[in-house]
Amino acid sequence: MSNLNRFNVSSMFNIPYLHLEIDCWDVKKEKINQIMKSHEIEKFGEVLTSYYKVINKQITSDVNLISQIFKDELNHMKQCFNFNSYLVKEFWFQEQNKDMFHGVHDHGSGISAICYIEYDSETHTATEFISPFLDPFKFTHSNFVPFVKSGDMIFFPSNLLHFTSPNKSKKSRRIMSMNIEVK
């Protein structure tokens, strides 16, 4: 018997993410759409977003309301990642109409989340995440595209680069993003 049988191939690094199907989606979607109506979205680059109103502190309300709507999902995230506490720092809406996209970016530090509000998995493309590590054999970055549907939420490390491809559909793609401070 060879000594080679004693060895296993393992990964040194792992990037966690959490993919949830939102509980009571129809009720929560209605509440989110009501909040979205009060948030002005404007074109920035190739996307419609309320983000720049948020970071300029023109919109500071509704963070507690969003935290309450997603209380179950946020608590599940806290438990899965073994955090002691979390605080939703900001949230914003984004819409992509035909040919709109969101270029490569990250959200800084902590945990971020994407809630897919209006999303057709047959016509829209999901958020694409870029590995921070080069593939050790191909010397290229790998990308990861989760299979998502309307009513799903993804939690991921905020510093992970990600983007969306151009929307080739006449249907709008709408999401809500959050940045979350964790301890």
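The values are calculated or read from the model by the stated rules, or taken from the named source; none is laboratory data. Since the model is a prediction, treat every value here as computed from it, not as a measurement. Here the Cβ is made from the backbone with ideal geometry for all residues, glycine too, and neighbour counts use every protein chain on show.
Of all residues in region 110-126, one or more are over 12 Å from the mean Cα position of the chain (by Cα), acidic (Asp, Glu), closer than 30 Å to residue 87 by Cβ and part of a strand (DSSP E or B). Evaluation of residue 140 against the conditions (1) of a type in the set (Val, Ile, Thr); (2) in contact with a strand residue (DSSP E or B) (Cβ under 9 Å, 6 or more places away or on another chain); (3) closer than 27 Å to residue 172 by Cα shows that the sole unmet condition is (3).
Could you check region 145-170 and list, in sequence order, the residues that are touching a residue at least 60 places away in the same chain (Cβ under 8 Å) and among the aromatic types (Phe, Trp, Tyr)? Passing the criteria: 155, 156, 163. Determine if region 132-146 includes at least one residue that is under 22 Å from residue 32 (Cβ atoms) and either basic (Lys, Arg) or at pLDDT below 95 (or both). No: zero hits.
Is it fair to say residue 22 is within 20 Å of residue 75 (Cβ to Cβ), surrounded by 17 or more Cβ atoms within 10 Å (Cβ to Cβ), of a type outside the set (D, E, K, R) and touching a strand residue (DSSP E or B) at 6+ places or on another chain (Cβ under 6 Å)? Answer is yes for this residue. Scanning region 146-169 for residues that are assigned to a loop (DSSP other than H, G, I, E, B) and either closer than 14 Å to residue 16 by Cα or in contact with a His (Cβ under 8 Å, 6 or more places away or on another chain) (or both) yields 146, 148, 158, 159, 160, 161, 167, 169.
Here's the yes/no breakdown for (1) more than 19 Å from residue 76 (Cβ to Cβ); (2) of a type in the set (S, T, N, Q); (3) touching a Pro at 6+ places or on another chain (Cβ under 9 Å):
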position: 112; (1), (2), (3): no, yes, yes
position: 126; (1), (2), (3): yes, no, yes
position: 130; (1), (2), (3): yes, no, no
position: 153; (1), (2), (3): no, no, no
position: 157; (1), (2), (3): no, no, yes
position: 165; (1), (2), (3): yes, yes, no
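Of all residues in region 84-115, none satisfies the criterion of being loosely packed, with under 15 Cβ neighbours inside 10 Å and among the aromatic types (Phe, Trp, Tyr).
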